[in-house]
Amino acid sequence: MPKKVIMKGNEAVALAMRQINPNVVAAYPITPQTEIVQIFSSFVSDELVDTEFVTVESEHSAMSASIGASAAGARAMTATSANGLAFMWEVIYIAASLRLPIVMAVVNRALSGPINIHCDHSDSMGARDSGWIQIYSENAQEAYDNMIQGIRIAEHEDLKLPVMVTMDGFIISHAMENLMVLEDDKVEDFIGEYKPQYPLLDIENPVTYGPLDLYDFYFEHKRQQAEAMRIAGRIIKNVADDYEKLSGRSYGLVEPYYLEDAKVALVVLGSTAGTAKACVDELRLEGKKVGLLKIRVFRPFPYDEIIEALKGLKVVAIMDRSDSFSSFGGPVFNEVRSAILSLERPPITLSYIYGLGGRDVNLKDILGLYHDLEEIVFSGEPGEVLRYLGVRES
């Protein structure tokens, strides 16, 4: 039977990794991710897993070691945050381009400078076009569930793409929550035995990894990557359906919340979705027709689901916990807005940058945002498209 436990997000992810029992974990510490690999190292020391635990000299090396292990035919995992992810930049593209099913936990943290160790999404958003699947977690339960599903997704025979499972630094990683965890044998049965298709160490069937790839074939290889990402949404949903049968918890690419009759809504990802849901509940008791769309999977971008969820709305605020410095909204805003422009009558869309460097966004902030959206419906005047929520302006 599933067991109810109380643990932090980092503990939940480390537990999921123990139950997955990967062949190789390459580790380098960085706040607020460090605890994941630190806890996992104790599982290795206590012989609770059969994992080769590789302590490397940098995050670049952590991903490089993961690439080497995965190419050799191992089930490989790692974890990082912020500057660590940035230090991996060169090799995260290589991991995706080589179609290696590595799963990496990313504990979201502001990307320097100035130096900041608290949450925003500038790290994972910076890597959004690297070819990795990106799954965002609202809480510790989702981080645990997403890690287990991530293995099945990455290793699917039609996909073979790396998966990045994110959770908000400190807000989820270091906060204690109730969650339900599965039995070890159930997880083992769910993920199955890893069967690499073209392992480098299969000397009877030699292959080449990382060749020079010039204009005669490079474009075709990139097109193959794009096709894999195109079908990834279907595979992610199929894995989620199987996981629901096992756990009783349902997941999609997006999660609509009270959108059926809503006039205004927020679009958000990560832990802020939980705060926004509480605000929706409160405003619904007052008779307000407000809703929420949580994006769980940002890569592949679920444009069909977003279009369907947001049609019929009057005003939509799209929230970004990172800034693109384009002067025209954050990365989530630009992609959501682009998708819904195909509607016959698209809603008014506003970009809200919030929570950078761990700045708290509370119920009062979100309630005020919904009030602003209702005022726009009443007046018909959208005002400034790009707005900053909770920043001290001069």
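Could you please find all residues in the stretch 371-382 being within 14 Å of Ile348 (Cα to Cα) and either assigned to a helix (DSSP H, G or I) or at pLDDT 95 or above (or both)?
Scanning the stretch 371-382 gives Asp372, Leu373, Glu374, Glu375, Ile376, Val377, Phe378, Ser379.
Restrict the check to the stretch 253-266 and report whether at least one residue is of a type in the set (Phe, Trp, Tyr), farther than 25 Å from Gly131 by Cβ and outside any strand (DSSP E or B).
Yes, because at least one residue in the stretch 253-266 is of a type in the set (Phe, Trp, Tyr), farther than 25 Å from Gly131 by Cβ and outside any strand (DSSP E or B).
Would you confirm, using the coordinates I've provided, whether Tyr258 is aromatic (Phe, Trp, Tyr), touching a residue at least 40 places away in the same chain (Cβ under 8 Å) and either within 17 Å of Ile148 (Cβ to Cβ) or out of contact with any Cys (no Cβ under 8 Å at 6 or more places or on another chain) (or both)?
The answer is no for Tyr258.
I'm told Thr208 meets every condition in (1) more than 20 Å from the chain's Cα centre (by Cα); (2) modelled with pLDDT of 95 or more; (3) surrounded by fewer than 17 Cβ atoms within 10 Å (Cβ to Cβ) except one. Can you identify the failing condition by its number?
Just one mismatch for Thr208, condition (2).
Just for the stretch 343-362: of the residues that are touching a helix residue (DSSP H, G or I) at 6+ places or on another chain (Cβ under 6 Å) and not in a loop (DSSP other than H, G, I, E, B), which one is farthest from Ile376 (Cα to Cα)?
If we take residues in the stretch 343-362 being touching a helix residue (DSSP H, G or I) at 6+ places or on another chain (Cβ under 6 Å) and not in a loop (DSSP other than H, G, I, E, B), then Ser351 is farthest from Ile376 (Cα to Cα).
In this structure, does Ser338 turn out to be of a type outside the set (Val, Ile, Thr), modelled with pLDDT of 95 or more, in contact with a helix residue (DSSP H, G or I) (Cβ under 7 Å, 6 or more places away or on another chain) and not in a strand (DSSP E or B)?
It is false that Ser338 is of a type outside the set (Val, Ile, Thr), modelled with pLDDT of 95 or more, in contact with a helix residue (DSSP H, G or I) (Cβ under 7 Å, 6 or more places away or on another chain) and not in a strand (DSSP E or B).
Does any residue in the stretch 154-174 that is within 22 Å of Ile235 (Cα to Cα) come within less than 8 Å, Cβ to Cβ, of a residue that is surrounded by fewer than 24 Cβ atoms within 10 Å (Cβ to Cβ) and at pLDDT below 95 six or more places away or on a different chain, and which pairs are these?
Pairs found: Glu157/Gln197; Lys160/Gln197.
For the stretch 67-75, state whether one or more residues are crowded, with 20+ Cβ neighbours inside 10 Å, in contact (Cβ under 8 Å) with a residue 24 or more places away in the chain, out of contact with any Cys (no Cβ under 6 Å at 6 or more places or on another chain) and on the phi > 0 side of the Ramachandran plot.
Taking every residue of the stretch 67-75 in turn, none turns out to be crowded, with 20+ Cβ neighbours inside 10 Å, in contact (Cβ under 8 Å) with a residue 24 or more places away in the chain, out of contact with any Cys (no Cβ under 6 Å at 6 or more places or on another chain) and on the phi > 0 side of the Ramachandran plot.
What are the residues in the stretch 83-99 that are in contact (Cβ under 8 Å) with a residue 60 or more places away in the chain and in contact with an Asp or Glu (Cβ under 9 Å, 6 or more places away or on another chain), if any?
Ser97
Checking Leu350 against (1) in contact with an Asp or Glu (Cβ under 6 Å, 6 or more places away or on another chain); (2) under 16 Å from Ala265 (Cα atoms), only one condition comes out false. Which one?
If we test Leu350 against (1) in contact with an Asp or Glu (Cβ under 6 Å, 6 or more places away or on another chain); (2) under 16 Å from Ala265 (Cα atoms), just (1) comes out false.
Quick one: which residue in Lys195, Lys237, Lys222 is modelled with pLDDT under 95, out of contact with any Phe, Trp or Tyr (no Cβ under 8 Å at 6 or more places or on another chain) and within 19 Å of Val163 (Cα to Cα)?
Lys195
For the stretch 28-51, name all the residues that are buried (at least 22 other Cβ atoms within 10 Å of the Cβ) and either aromatic (Phe, Trp, Tyr) or within 18 Å of Thr166 (Cβ to Cβ) (or both).
Scanning the stretch 28-51 gives Tyr28, Pro32, Gln33, Ile36, Val37, Phe40.
Taking the stretch 145-160 as the region of interest, how many residues are basic (Lys, Arg) and in a helix (DSSP H, G or I)?
1
Just the residues that are more than 17 Å from the chain's Cα centre (by Cα) and not hydrophobic (A, V, I, L, M, F, W, C), please, taken from the stretch 324-338.
The answer is Ser324, Ser326, Ser327, Gly329, Asn334, Arg337, Ser338.
The values are calculated or read from the model by the stated rules, or taken from the named source; none is laboratory data. What you are looking at is a predicted structure, and each value in this text was computed from that prediction instead of being measured. Neighbour counts run over all protein chains shown; Cβ positions are idealised from the backbone, glycine included.
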